[in-house]
1. Kindly indicate whether GLU115 is closer than 23 Å to HIS49 by Cα, part of a helix (DSSP H, G or I) and either out of contact with any Gly (no Cβ under 6 Å at 6 or more places or on another chain) or open to solvent by 30 Å² or more (accessible area, probe 1.4 Å) (or both).
2. Give the residues of region 22-31 that are polar (S, T, N, Q) and buried (at least 16 other Cβ atoms within 10 Å of the Cβ), sorted by residue number.
3. Looking for something in contact (Cβ under 8 Å) with a residue 40 or more places away in the chain and of a type in the set (Val, Ile, Thr) - is there at least one such residue anywhere in region 81-90?
4. Hey, can you tell me all the residues within region 43-64 that are more than 13 Å from VAL79 (Cβ to Cβ) and open to solvent by 70 Å² or more (accessible area, probe 1.4 Å)?
5. Does ALA138 fit the bill of being of a type outside the set (Ser, Thr, Tyr), modelled with pLDDT under 95 and open to solvent by less than 50 Å² (accessible area, probe 1.4 Å)?
6. Within region 48-70, can you find the residues that are over 16 Å from ALA97 (Cα atoms) and not in a helix (DSSP H, G or I)?
7. Those residues that are of a type outside the set (Gly, Ala, Ser) and open to solvent by less than 40 Å² (accessible area, probe 1.4 Å), I need them from region 85-105; list them, please.
8. May I ask you to list the residues in region 32-42 that are open to solvent by 20 Å² or more (accessible area, probe 1.4 Å) and not aromatic (Phe, Trp, Tyr)?
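The values are calculated or read from the model by the stated rules, or taken from the named source; none is laboratory data. It should be emphasised that the depicted structure is a prediction, and the values quoted were computed from it without experimental measurement. Counting neighbours? That spans all protein chains shown, and the Cβs are built from the backbone with ideal geometry, glycine included. SASA here: full protein model, heavy atoms, side chains in, ligands and nucleic acids out. Shrake-Rupley method; radii C 1.70, N 1.55, O 1.52, S 1.80 Å.
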Amino acid sequence: ATLGPGNPTVAGTLVMVGSIHYKRRNLDASMMFYREALRLNRDAYGLHHPDVAPTLKSIGTILTKKGEYHEAYDVFRDVLSIKCTIHGTGHPEVASAYKSLGNVHYKLGELADAERQYRHALSIFRRTRGNEHPDTIAARTTIEHIRYWMKERGQRKAEERNTRNTSRGSDEDERSC
């Protein structure tokens, strides 16, 4: 009432209320508060302001949890763009945005794309935080995990091809009889 409904200062309170709903696993209510906070910040500061990115990231996280991966991907692309504008391309915040994109690719089963995004993050973390920092180690571990699943998927696809070729061969034998 004191500040008025369009005041961007209200956005911080909306984010806090949204976070409470998020912790209580009430994603729809959380999303409502985050979207209103985002609207206030964008109206007040524009699209590439530092206050916009964290709220967008929260929205992307909720979309991911709800299985709305394509919409989440678009939101995380916006987060990446904002962070690059604010920090440049070699900042740990940019690496974090690449990880978010990698997570969405992983959820979509796009493992090669997930690995590519995580490699961007790893490269930035190595340059800015060193090889032994927990963020660097986590990115490296995730890449190893993704590679494992890519290998497993590749082996399964090869087995499926062999099974199809074997069954196709027996089908051809049966048809020729």
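1. Values: closer than 23 Å to HIS49 by Cα: no; part of a helix (DSSP H, G or I): yes; either out of contact with any Gly (no Cβ under 6 Å at 6 or more places or on another chain) or open to solvent by 30 Å² or more (accessible area, probe 1.4 Å) (or both): yes.
For GLU115, the condition - closer than 23 Å to HIS49 by Cα, part of a helix (DSSP H, G or I) and either out of contact with any Gly (no Cβ under 6 Å at 6 or more places or on another chain) or open to solvent by 30 Å² or more (accessible area, probe 1.4 Å) (or both) - is not met.
2. Within region 22-31, SER30 is the sole residue that qualifies.
3. Checked against the condition, which is being in contact (Cβ under 8 Å) with a residue 40 or more places away in the chain and of a type in the set (Val, Ile, Thr), region 81-90 yields no hits at all.
4. Matches in region 43-64: ASP43, TYR45.
5. no
6. Restricting attention to region 48-70, the residues satisfying the condition of being over 16 Å from ALA97 (Cα atoms) are 65-68.
Once the filter is applied, which keeps residues that are over 16 Å from ALA97 (Cα atoms) and not in a helix (DSSP H, G or I), region 48-70 yields LYS66, GLY67, GLU68.
7. PRO92, VAL94, LEU101, VAL104, HIS105
8. Our first condition is that a residue be open to solvent by 20 Å² or more (accessible area, probe 1.4 Å); within region 32-42, this holds for 32-33, 35-36, 39, 42.
Residues satisfying the conditions are MET32, ARG35, GLU36, ARG39, ARG42.
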